Every structure is written in structure tokens, then in C-alpha cells.
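I have placed the structure first, in the form of C-alpha cells, so that the comments after it can refer back to it.
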Amino acid sequence: MTLDEFMNKFSDESSCEERIIELRWPSGFCCPKCGSKNAMRIHAKHRRDAENRVPLFECRDCRRQTSITSGTIFHKTQTPLTKWFLAIYLVANDKGGIAATTLERMLGVSYPTAWLMLRKIRIAMADRNAQYRLSGIVQVDDFYLGGESKGGKRGRGTEQVPVVAGVSLKKGKPQYLFMDVVSDVGKRSVLDVLTKRIETGVILETDGWPTYASCAEELGAQSHLVTTSKDEKKNETFQWLDKAISNFKKFIDGTYHGRQTDDQLYMEEYTYRYNRRGFGHQLAERLLRACVAANLNNSMYSLKVGT
Ligand SMILES: [Zn+2]
């Protein structure tokens with residue numbers, strides 16, 4: 001969808017509200033408390049700012065009221081949904097990612113609002129990422145963010161953030177990617193990540209670091225292929241993973257100037273985009289769907305302020 005088509009389609013609050021309802025309840029509203037489908041739509045007229053509020057469904061059986069945005073990233077927002085939808089379009093269609101200052105200018109919102117909108121959109125991406133596990137052949141490696149690594153690849157500079165990354169391959173081409181900040185590259189931390197991101201029974205491919213060998217066993221990997229750093233084919237074997245890692249570093253340096261807060265959320269954004277690189281014009285609609293589906297109440301990321 002072009003920007004023009006998107007803005008025409010979601011030109012006012014009610015068109016955005018209708019889209020949220022369609023995405024949340026594709027076969028009609030269903031009461032989250034009692035499961036009844038017998039509900040009516042109401043507007044909270046008793047509130048002072050009722051005209052700014054999104055509609056509610058009131059269950060005719062148990063009287064429970066449910067806001068159409070409850071639990072989503074749009075809940076209790078003071079920002080018009082049209083601006084939210086536009087932000088989602090812009091984020092989805094800019095490969096390099098959008099900085100809060102850019103969004104502030106383009107939407108005409110304050111910097112803190114733009115910042116929080118971006119953060120919430122990234123949380124929606126993270127929620128979506130968490131639903132997938134890599135399968136087949138999965139290559140895994142670790143790298144560091146922030147400063148040069150001292151004393152070789154797994155050196156531990158004090159200001160460095162260790163990251164475990166993996167990519168699944170199909171016919172030698174990269175498919176899906178994950179990246180996770182870890183507290184260290186010991187077995188417990190790495191295994192936590194791999195269990196969360198990888199199916200059992202995969203073919204694991206690493207550089208043979210002992211942590212990976214013991215993780216492969218615990219993961220129930222079908223086999224563990226090792227290409228050590230001394231192997232002349234090392235660069236060729238890990239080319240896609242190496243490329244993804246170096247592009248991620250450019251991504252945070254370019255748009256976010258290597259800022260170290262929220263490293264994990266930047267990785268979630270980067271991997272979300274990477275895993276959808278073939279979707280082209282469907283990206284905005286997909287991201288909108290992820291934003292409606294993401295439940296902030298269940299999210300591992302906390303949000304202190306509402307926009
Ligand atoms: Zn009910």
C-alpha cells in the first residue's frame with residue numbers, strides 16, 4: 001500500500017477503530033470475561049473527554065465493558081489513532097528504522113510521545129518475534145556491543161554487552177534470525193536463549209565453543225556441526241550470520257547512534273524486519289496486526305508512562 005492509499009484508508013479515528021475491531025475480533029466481538037458474543041457498542045459519554053475515547057463493547061450477559069484498545073499498544077493513548085497508524089506505516093516502510101526526532105517532526109507530536117510510540121511498536125515486534133522458533137539448520141554465534149573486544153573474540157570488556165545470535169538456513173540461504181542480549185556467554189545464559197528461540201531436533205552449527213557443545217546436547221539437537229575459527233571455510237560457512245551481525249551494528253549506529261539503552265528492543269526491531277524482508281508492500285498491514293495483537297500486560301518490557 002502506498003502512503004497515499006494508507007492515509008486515505010485510515011483518514012479518521014473511526015476508520016482506525018474499525019480496523020482494530022476487525023483485527024482483534026475477526027469473527028465478531030467475544031466477551032473476555034464470560035465468552036458471550038451478545039454485546040453492544042457504546043461510547044463513554046459520562047467522561048469529560050468522551051469524544052477522544054475509543055468505543056467500548058458492553059456485554060449484554062455480564063455487563064463487562066471492554067475498550068477496543070484494552071491490552072493493545074494503543075490503550076489509553078492521548079494520541080489520535082490516525083497518528084499511531086501513520087507511525088506504524090512509517091516504521092514498517094523505512095528499512096533503516098526511524099528515530100524519535102524524525103517521528104516527532106513528521107507527526108507533530110512531542111519528543112517523549114514519539115519516543116514512547118516507537119518503544120511500544122518495538123514491543124509489539126518483540127511479542128511477535130517471541131512466537132517463532134527457528135528450525136532446520138541453525139547457525140549460532142555470539143558477539144559484543146559497545147567498544148572493541150579485548151583479548152580475542154570472547155574478551156570481556158567492562159562496558160561490553162554480550163549477544164547471542166542465530167540464523168536458520170534453507171538451501172544455503174538465510175531464513176530467520178534472532179538476537180538476544182545475555183548477561184554472559186556461559187551455558188546457563190546461552191541455553192535459556194536457545195531454548196526460547198530454537199526448536200528441538202535442529203542441526204546446530206557453531207564454532208565449537210564448549211558452551212555450544214553442552215547446549216546442543218541439552219537442546220536435543222539432531223547433530224552439532226563445528227567450524228572453528230582456524231578453519232579456512234569459516235568465513236564462508238558463517239557468511240550470512242556475520243553479515244546480519246555487521247548490518248545490525250550499522251543499523252544501531254546509523255539510526256540510534258549506538259545508544260545502549262534498549263539494546264534488546266533494537267535487536268527485536270532489526271530481527272523483525274530481517275524476518276519479513278520479502279514482504280514488501282504488506283509490511284505496514286502486518287505490523288499493524290502485530291500492534292493490535294501485542295498484549296502489553298503480558299510483555300516482558302515495562303512501560304511506566306502512557307502517551
Ligand atoms: Zn460477558
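Along its first, second and third principal axes, ordered by size, the chain spans 70, 42, 35 Å in Cα coordinates. Couplings for region 74-91, taken from phi via the Karplus curve 6.51 cos²θ - 1.76 cosθ + 1.60 with θ = phi - 60°, read 8, 5, 6, 6, 9, 8, x, 4, 4, 6, 4, 5, 5, 4, 5, 4, 5, 5 Hz in order; Gly and Pro are left as x. For region 62-113, the set of trypsin sites (Lys or Arg not before Pro) satisfying both a DSSP loop assignment and a count of at most 16 other C-beta atoms within 10 Å is given as ARG63, ARG64, LYS76, LYS95.
As a length-normalised measure over Cα pairs under 8 Å and 6 or more apart, the relative contact order of the chain settles at 21 percent. Using the Stokes-Einstein relation with a Kirkwood hydrodynamic radius computed over Cα pairs, the translational diffusion coefficient of region 209-284 at 25 °C and a viscosity of 0.890 mPa s comes to 161 µm²/s. Over region 157-288, all Cα pairs binned in 5 Å intervals from 0 give whole-percent P(r) values of 2, 9, 17, 21, 22, 16, 9, 4, 1, 0, listed from short to long. Here the chain is scanned for GluC sites (Glu not before Pro) in DSSP loops (not H, G, I, E, B) that have at most 13 other Cβ atoms within 10 Å, and the longest stretch holding none of them is 1-147.
Between helix 13-24 and the chain there is an angle of about 60 degrees, using the helix long axis and the longest principal axis of the Cα atoms. Helix 210-219 and the longest principal axis of the Cα set of the chain meet at an angle near 50°. Just checking the listed ones, GLN131, GLN175, GLN282: in the Gaussian network model of the chain with Cα springs under 10 Å, the one fluctuating most is GLN131. Other residues whose C-beta falls under 11 angstrom from the C-beta of SER214 contribute a net charge of 0, scoring Lys and Arg +1 and Asp and Glu -1. Longer than 25 Å from Cα to Cα, which of LYS173/LYS234; LYS170/LYS196; LYS83/LYS249; LYS120/LYS187 are they? Say none if no pair is. Going by Cα-Cα distance, LYS83/LYS249; LYS120/LYS187 fall outside the 25 Å limit.
The angle separating the long axis of helix 263-274 from the principal Cα axis of greatest extent in the chain is about 90 degrees.
Each reported figure results from applying straightforward, stated rules to the coordinates on display, with no laboratory input. Bear in mind that the values here come from a model prediction, so they are computed numbers and not experimental data. Every residue, glycine as well, gets a Cβ built from its backbone with ideal geometry; the counts of neighbours run over all protein chains shown.
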